Structure formats: structure tokens, C-alpha cells
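The values are calculated or read from the model by the stated rules, or taken from the named source; none is laboratory data. Values in this document were obtained by computation on a predicted structure and should not be read as measured data. Positions of Cβ are backbone-derived with ideal geometry, glycine not excepted, and every protein chain shown enters the neighbour counts.
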Amino acid sequence: MNALNTMLADTFGPFGPMIALGGVGLMLVLTVVLMMLKQPEDPLDKLKRTTSQRVHDESKTSLRAHSNTPDKLKKYAAFLEPSDKEEYSAIQLTLLQAGYPGKNAVRTFHFAQFALGIAFLILGVGYAILKSATGDPSTQATILSILIPGAVGYMAPKYWVTRRVESRKEEIINGFPDALDMLLVCVEAGQSFDQAVIRVAKEIRIGFPALGEEFEIIAHEMKAGKDRIQVMRDFGERSGVADVASFATVMIQSATFGTSIAEALRVYSGEMRDKRVMRAEEKANTLPTKMTLATMMLTVPPLLIILIGPSVYEVYVTLGNISF
């Protein structure tokens, strides 16, 4: 031990033994930590974690998650919500078509508009101050540098909602024929219309989440005892797609006159498949027209260079020799 202490002291100085002891202790701590990390997970803890994760995922995808969240903007409802019922209904319908079914969606939308407008307005003021400190901008330029960011921030939520409505409508249009085919298969297999809607909502969500949410809303409303005619009418209005509205009308007429739902689904699903083929053919027919400009821009200039380039070069050389 004395020889080891002497060697450590000669190598690391007078605190060599203490340093070596600290290093050994650190290695022991790291070894224990690694052993604890590699310890197999307790089955009970694994079961609890899996259950809590499943509950968390269900709460995220549940339609009730929008209404269970605490509303911190309720005291500003008189300021953030329009007093006109028609205006409020129009904004609420637009947000529903964008995929925001919460009862506080209108309030949140207006709050986002005001918050982003004020934030971008403050950024514009900061930019104007910085620009005036580094130079001497005109009054018009200063006002524009302040107002334009504020207007952009105020209109950004509206632009986002509009784009989301369009993308959601396109997704519903693309997935609706498949949903009708699946609904027809379920009904012809012996399931009731309510059970078929639940199954379609579960299966179609993988490829078309927006359409799956709409069918899930239908299933929840019919489970709650709402009239099927009103449910289908709300479905057509909420989606904002003409094909879905026509389907809702067909289902309402089938329920009103007591005709076969399977037969109505068979005829309408065939029409939707034909319409999807027609849309694909229409896009294919417009493709050459769209490619004309790109073809001209990418083909004509190189062709002109190849055909006219040598002649231009010869003329340039000839003129150079004559001037010389």
C-alpha cells in the first residue's frame, strides 16, 4: 500500500491517492447506474404504462377532448365572439369544415387573430425603430412597415383555416368512394347502418383521417339518440362537399320512403366510382396544357442556341475582321 501511495503521489502529486480513490468511486457509481438501467422492466409497471398510454391516445383522438379542455377565454367571450348570430354561425360552420368542432373554436380563432396581429404589429414597430435609427426613412415607409406585418398577422389564421378547409374537402372527396364501398359491404354482410358507420369510421381513419372523424361524429350522434335524418343533414352541411350532401339527401329519402339502404348505397357508390374516374381523366387531359409552357421554356432556348448560335458567331467574327 505504501508503494502504491508513493507511486500515485509521484504520478499525480500529493493528492494522487485521493484522486485515485475518487476515480474508483466514480467507476463504481457508473457501474451501478448501468446495472439499474439494464434491469428488466417490472411487468406491473409495463402494464400500467401501456394502459396509461392507451388512455392518453384515446383522449387525444376522442371528440370530447375539445370540450373538456378548460376555457381560459370565457371571460372575454363578449369581445371575442360576434354578437350577430348569423355571423357566428357562418364562422362556426367554416371552423367545423376545417376540422375544429370544439364549442370554443370561434373564440380561439378570434383570439389567434388579435394575438398574432398585435405580435406582428409590435415586430413592425421594432423594425421601424431600427430602420429609423440606421437611416432616415419616409413617413409612408414607416407606416407601411408597421401596418403590413400587423395585417399579415391578423389575416394569417383566416388563411390557415381557408387552406385547411380546402385540403380537408379534397381529402373527403378522395376517400368518399372507398368509404361508400366499405359501407355497402358492411350493410350487405348483415350489419345495421349504425354498426356499418362505426366500422367504416374505424377503418377509413387510417387512410383518410378527416373522413373518419366525420363518420365517427355520425356514430356518436346516432348513439346519443339524435334523429337519423338530422344527423345526415348535418353531415352534408358540415363536410361542405357536394357529393356528401347528395349522399345525405339519398339517405334521407331512403329513410323517409322506407326503401332499401343497400340498394341506394350500391347505386350511389357506383356513381361515385365513375365520378372519381372522370376526375382522374380530367386531370390527365389538362396535363399536356400545363406542360406546354415548361416544354417551351426548356426546349426552345437550347434549340435556338443550337440553330442560330453558329450563325451569330460567324457574323460576329466577320464584323470583327471588317472593323479590324
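Listed values, structure above:
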{"item": "Those residues of the range 150-202 which are of a type in the set (Phe, Trp, Tyr) and in contact (Cβ under 8 Å) with a residue 12 or more places away in the chain, in sequence order", "result": "154, 176, 193"}
{"item": "Residue list for the range 164-183, filter: more than 18 Å from residue 222 (Cβ to Cβ) and of a type outside the set (Asp, Glu)", "result": "164, 165, 167, 168, 169, 172, 173, 174, 175, 176, 177"}
{"item": "Filter result (in contact with a helix residue (DSSP H, G or I) (Cβ under 7 Å, 6 or more places away or on another chain) and farther than 11 Å from residue 214 by Cβ) within the range 238-247", "result": "243, 245, 247"}
{"item": "Criterion: buried (at least 16 other Cβ atoms within 10 Å of the Cβ), out of contact with any Phe, Trp or Tyr (no Cβ under 6 Å at 6 or more places or on another chain), in the same structural domain as residue 210 (by TED's automatic domain parsing) and polar (S, T, N, Q) - qualifying residue of 246, 239, 260", "result": "239"}
{"item": "Qualifying residue in the range 184-204 (condition: in contact with a Pro (Cβ under 9 Å, 6 or more places away or on another chain) and assigned to a helix (DSSP H, G or I))", "result": "no"}
{"item": "Of all residues making up the range 158-182, the number that are more than 20 Å from residue 237 (Cα to Cα) and either of a type in the set (Ser, Thr, Tyr) or not assigned by TED's automatic domain parsing to the domain that holds residue 98 (or both)", "result": "4"}
{"item": "Selection count, the range 214-228, where residues are surrounded by 18 or more Cβ atoms within 10 Å (Cβ to Cβ) and out of contact with any helix residue (DSSP H, G or I) (no Cβ under 7 Å at 6 or more places or on another chain)", "result": "1"}
{"item": "Residue check, residue 275 in contact with a Pro (Cβ under 9 Å, 6 or more places away or on another chain) and surrounded by fewer than 18 Cβ atoms within 10 Å (Cβ to Cβ)", "result": "yes"}
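Yes/no per residue for (1) surrounded by fewer than 20 Cβ atoms within 10 Å (Cβ to Cβ); (2) at negative phi; (3) among the aliphatic types (A, V, I, L, M):
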position: 162; (1), (2), (3): yes, yes, no
position: 168; (1), (2), (3): no, yes, no
position: 193; (1), (2), (3): yes, yes, no
position: 204; (1), (2), (3): no, yes, yes
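Let's see how each residue does on (1) over 24 Å from residue 171 (Cβ atoms); (2) in contact (Cβ under 8 Å) with a residue 12 or more places away in the chain; (3) in a helix (DSSP H, G or I):
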| site | (1), (2), (3) |
| --- | --- |
| 216 | no, yes, yes |
| 233 | no, yes, yes |
| 243 | no, yes, yes |
| 248 | no, yes, yes |
| 253 | yes, no, yes |
| 259 | yes, no, no |
| 270 | no, no, yes |
| 278 | no, no, yes |
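Listed here are the residues, each with its yes/no results for (1) modelled with pLDDT of 85 or more; (2) in contact with an Asp or Glu (Cβ under 7 Å, 6 or more places away or on another chain).
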residue	(1), (2)
245	yes, no
267	yes, no
272	yes, yes
281	yes, no
284	yes, no
287	no, no
298	no, no
322	no, no
